Structures are given as structure tokens and as C-alpha cells.
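S.K.: Below: one structure in C-alpha cells.
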Amino acid sequence: MAKTRSHIQTIGIVLSSVPGYSETFFRNKIKGLQAHGFRVILFVDYLRADDASFSCKVVSAPPFGASILSAIWYSFFAVLKLFFIHPKRAYRLYQLNKKDGLPFKENIRNLILNHFFLGHHVDWLHFGFGMLAVNRENVAAAMGAKMAVSFRGFDLYLSPLKHPNCYDILFEKTIDYHVLSQEMKHDLRGYNIASEHIHIITPAIDTEFFIFHKKRVFTDTLELITVARLHWKKGLEYTFEALACLKEQGVNFHYTIIGDGIERERLVFAAYQLGILDDITFAGKLPHDQVRKTLENASIYLQYSIQEGFCNAVLEAQSMGLLCIVSDAEGLAENVLDGKTGWVVPKRQPKVLAQKINDVHHLSIDEKEKIITTAKYRVKSIFNLEQQNQAFINFYENKRK
């Protein structure tokens, strides 16, 4: 039931595009806010043909890059809007950018690219990823709104390596940040951001969907599984090296990888060279019901990532009653409690991973069941959608002007 409030807050969420069917985090967040009486406006950089039916108002940036003629055309209309429709906000944004040292030409370009925000009234402008706030650091202030930025792992740890100093201006602003784990909060504090402006709201899953009522069956052949993009940060090549060690030791296993990505060809070749290609199924990207069905037939879930903000897939695996072995990358050590709800192994050490898989395989049924029961209870109690929705409601409500 939606809450009644004297002022209905409007939350502006900034993403690169309208979240697809599989991007459940943002879809669930928007639904949760709407269910509790908030208005939501989604600001995106581009629209797809099937985005018209999305559940909230969507505002898209003009397609400046479509061609030179379209860039000139849309820039002309942007200038007209800046001068004649919302000149006060445009002037405020210009002045704030100038204060940050932005040269005149870059400032004008910034105004043109960000003008599509300025005609809307929001209480909060919340950037869904850190890099989306770059070159938009002053847009919220120009709109008279509070500003929030979410960091999810890649944007906090890898984007600064690809784009040095990208957050220099952002981190000077007094705004609020949302992160996924204590580890991420600690690392963000390293940029001299005050602790009270950093808020931990962990990921959550649909625990009623990712549930397995039957007792997990363990056989002599290890049924291993990972759900992940085929990307180097997921550490799959290290996982393959661990599995090659197990094969040398005579351990029977089959490993299923659900997901697709740019590293597929390289990973297939790596598995071939390591002599384990016949023991691996590259299942590709699957719909949620197929993911759940595949998880039902596995016994151990592996997430040996090099970098990982938190990882919903690990929560889903625990909720389904799989034994989870993960790396110590960022938030994974908070996702899985070592020795209590699963096991945490130092990253980039495939021999250590191989030994841990073998150790878990040879645990007694009672020991396995204890871990499974504890993990399922913890996920259902802490990482459910209701708690996450309430956390975001508290975030916006407790910091109202």
C-alpha cells in the first residue's frame, strides 16, 4: 500500500538506457518506489523501439550523434530551449560549470548535451552508475534537486583506470553516494568523502522465485555452475585452471557457465588448451526460468571473480541451496560468510580454489546441509526485495530538504 505524504517526491533516475527485462535491479527499484507513492522519471541517453511501454515517464537525450545534420539540428533546438524555456537553470548550470574551471566552449557543449534534464522538476537526481555523473556534476544543483550517485563495482574500481581523474570534480561535491558493501564504502572513504554521505544498500533478489524446495542431491560427479558475463573480471580462466588441477587428480566434474560476452572465444580456447573443454557447457544467456532450472541440477556454485561489487547471482545460488565458493574480490566476502554460508578463497590462486572445491566435495551431508540452511535463511532474511525497497525509501525520505 502506498504511503500518503503531503509532498509527493519525484525521483529522477539516470541510466544509459531503459533497463531491459533481465535488468531486474532497476525495474524492481522503480516499481518499489512507485508502489510507495513516489513519482519516478527515468532519464536516458538513448531510446529503443520497445521502450515506449515502460512503467514510468522516460526522458531521452536527443540523438546528437546520429549524423552531422542531426547534431546541428538538435543543437539549434537545445540552444532555443536554454535561452527561452529555462534560462535560469541554464545560467545556473553555466555558472556552476565555470566555477569548476570548465572552459567556455566545453561549458556551452555541456549545456547543450544536458539541456534535456533542465525542463523537469525532481526532488532527487540519482545517477545509476558513477560514470553517468561525469560531466553532469552540476545538473542536479541547476535543477534545484538533491544529487545521489550509485557505485556498483566496475565504475568505482575500473573506470578510474580507464579514465584517469574522471571523478575529480564529482568527489568535490557534497552529495550522497549509494554503494553495495562495506568494502566499497571503505574504498570510497579513501577519496575523502564523509562517511555520513555514503550509504550501503546491498543488492536483493526475488527469494520467492529463486527457491528450491527439494533436498539437494550430491553425487560422485561434481556439478559445478557459474552465472556470469564472459568478461575477464569474472576470473573464469583462473576457474578453468583450478578445474584442470581437479581433472589431473582424477576428480569427475561437469561445469556449466550461463552467460555470454566478448571473451567467449578466448575462454573456449583456454578450456581446450587445458584439456577440459569436454567437461564444460557454455550455455549462453538464458531467461530467468531456465537459469533457475539449471541451478536446480547443480551442487556447487563458483564465482571466482577478480573484481566484483557484490553479485546477485551468488545470492540467487545461495537462495537455491547451492554450496557457494567465491573469491575475496570486493563485496563477495560480505555476500558469502566464509565457513558459515559458503567459502571465500583468495583470488588469482587456482590451486587454492581447486583444493577448496575438493574439500567441499568431501564434506559430510550434515556439514553441507548446515551451510545450505544457514545461507538460505540469511539471504531470505537480509537480501529480499522488500528490505531493499524500504532502504531506498528511507534513503530518500530521511534526506528530504
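S.K.: Do we find a residue being touching a strand residue (DSSP E or B) at 6+ places or on another chain (Cβ under 7 Å), more than 19 Å from residue 251 (Cα to Cα), assigned by TED's automatic domain parsing to the domain that holds residue 226 and loosely packed, with under 15 Cβ neighbours inside 10 Å anywhere in the stretch 270-290?
M.R.: yes
S.K.: Yes or no: residue 89 buried (at least 16 other Cβ atoms within 10 Å of the Cβ) and not assigned by TED's automatic domain parsing to the domain that holds residue 172?
M.R.: yes
S.K.: Being surrounded by fewer than 20 Cβ atoms within 10 Å (Cβ to Cβ) and of a type in the set (S, T, N, Q): is that true of residue 150 here?
M.R.: no
S.K.: Suppose we filter the stretch 219-246 for residues that are surrounded by fewer than 17 Cβ atoms within 10 Å (Cβ to Cβ) and over 20 Å from residue 313 (Cβ atoms); how many remain?
M.R.: Selection size over the stretch 219-246: 3.
S.K.: Taking residue 334 and the conditions (1) assigned to a helix (DSSP H, G or I); (2) surrounded by fewer than 21 Cβ atoms within 10 Å (Cβ to Cβ); (3) without any contact (Cβ under 8 Å) to a residue 40 or more places away in the chain, which numbered condition does it fall short on, given that it satisfies the others?
M.R.: So residue 334 meets the others, but not (3).
S.K.: Same structure again: Could you check, for the stretch 33-42, whether at least one of its residues is small (Gly, Ala, Ser), modelled with pLDDT of 85 or more, surrounded by 12 or more Cβ atoms within 10 Å (Cβ to Cβ) and more than 23 Å from the chain's Cα centre (by Cα)? I'd like the intermediate steps shown before the answer.
M.R.: Going residue by residue through the stretch 33-42, those that are small (Gly, Ala, Ser) are 35, 37.
Cutting the leftovers down to modelled with pLDDT of 85 or more gives us 35, 37.
Within this subset, residues satisfying the condition of being surrounded by 12 or more Cβ atoms within 10 Å (Cβ to Cβ) are 35, 37.
Within this subset, residues satisfying the condition of being more than 23 Å from the chain's Cα centre (by Cα) are 37.
Taking every residue of the stretch 33-42 in turn, at least one turns out to be small (Gly, Ala, Ser), modelled with pLDDT of 85 or more, surrounded by 12 or more Cβ atoms within 10 Å (Cβ to Cβ) and more than 23 Å from the chain's Cα centre (by Cα).
S.K.: Pick out the one residue from 354, 329 that is outside any strand (DSSP E or B), over 24 Å from residue 211 (Cβ atoms) and at pLDDT below 95.
M.R.: After ruling out the rest, the residue left standing is 329.
S.K.: Of 393, 382, 365, 357, which residue is within 26 Å of the chain's Cα centre (by Cα), of a type outside the set (S, T, N, Q) and within 30 Å of residue 239 (Cβ to Cβ)?
M.R.: Details: 393 fails: within 30 Å of residue 239 (Cβ to Cβ); 365 fails: within 26 Å of the chain's Cα centre (by Cα); 357 fails: within 26 Å of the chain's Cα centre (by Cα).
Sole residue among the options that is within 26 Å of the chain's Cα centre (by Cα), of a type outside the set (S, T, N, Q) and within 30 Å of residue 239 (Cβ to Cβ): 382.
S.K.: Out of the stretch 376-400, which residues are surrounded by fewer than 16 Cβ atoms within 10 Å (Cβ to Cβ) and charged (D, E, K, R)?
M.R.: Result: 386, 397, 399, 400.
S.K.: Within the stretch 9-110, considering only strands (runs of 3 or more DSSP E) that don't extend past its boundaries, which have at least 2 residues that are closer than 29 Å to residue 168 by Cβ and touching a residue at least 60 places away in the same chain (Cβ under 8 Å)? If you could, list the steps in order and put the result at the bottom.
M.R.: On the way: elements: 10-15, 39-44, 57-60.
Fully inside the stretch 9-110 and qualifying: 10-15, 39-44.
S.K.: Is the stretch 252-268 home to any residue that is more than 27 Å from residue 153 (Cβ to Cβ), at pLDDT 95 or above, among the aliphatic types (A, V, I, L, M) and not assigned by TED's automatic domain parsing to the domain that holds residue 157?
M.R.: no
S.K.: Where in the stretch 236-314 are the helices (runs of 4 or more DSSP H), entirely inside, with at least 2 residues that are without any contact (Cβ under 8 Å) to a residue 12 or more places away in the chain?
M.R.: 264-273, 288-296
S.K.: Pull up the stretch 1-32, narrow it to residues that are out of contact with any Pro (no Cβ under 9 Å at 6 or more places or on another chain) and of a type in the set (Gly, Ala, Ser), then point me to the one that is modelled with the lowest pLDDT.
M.R.: Restricting to residues being out of contact with any Pro (no Cβ under 9 Å at 6 or more places or on another chain) and of a type in the set (Gly, Ala, Ser), the top hit is 2.
S.K.: So the check is Cβ under 6 Å with 6+ separation or different chains; which pairs have a first residue in the stretch 349-368 that's charged (D, E, K, R) and a second one that's at pLDDT below 95 and part of a helix (DSSP H, G or I)?
M.R.: Within 6 Å, no pair qualifies.
S.K.: Looking at the stretch 246-278, which of its residues are within 20 Å of residue 352 (Cα to Cα) and either under 30 Å from the mean Cα position of the chain (by Cα) or basic (Lys, Arg) (or both)?
M.R.: Of everything in the stretch 246-278, those that are within 20 Å of residue 352 (Cα to Cα) and either under 30 Å from the mean Cα position of the chain (by Cα) or basic (Lys, Arg) (or both) turn out to be 247, 254, 255, 270, 271.
S.K.: If residue 135 satisfies all but one of (1) at positive phi; (2) part of a helix (DSSP H, G or I); (3) of a type outside the set (A, V, I, L, M, F, W, C), what's the number of the condition it fails?
M.R.: (2) is the only condition that residue 135 fails.
The values are calculated or read from the model by the stated rules, or taken from the named source; none is laboratory data. Remember, it's a predicted structure, so these values are computed and weren't measured experimentally. Every residue, glycine among them, receives a Cβ derived from its backbone with ideal geometry; neighbour counts consider all protein chains shown.
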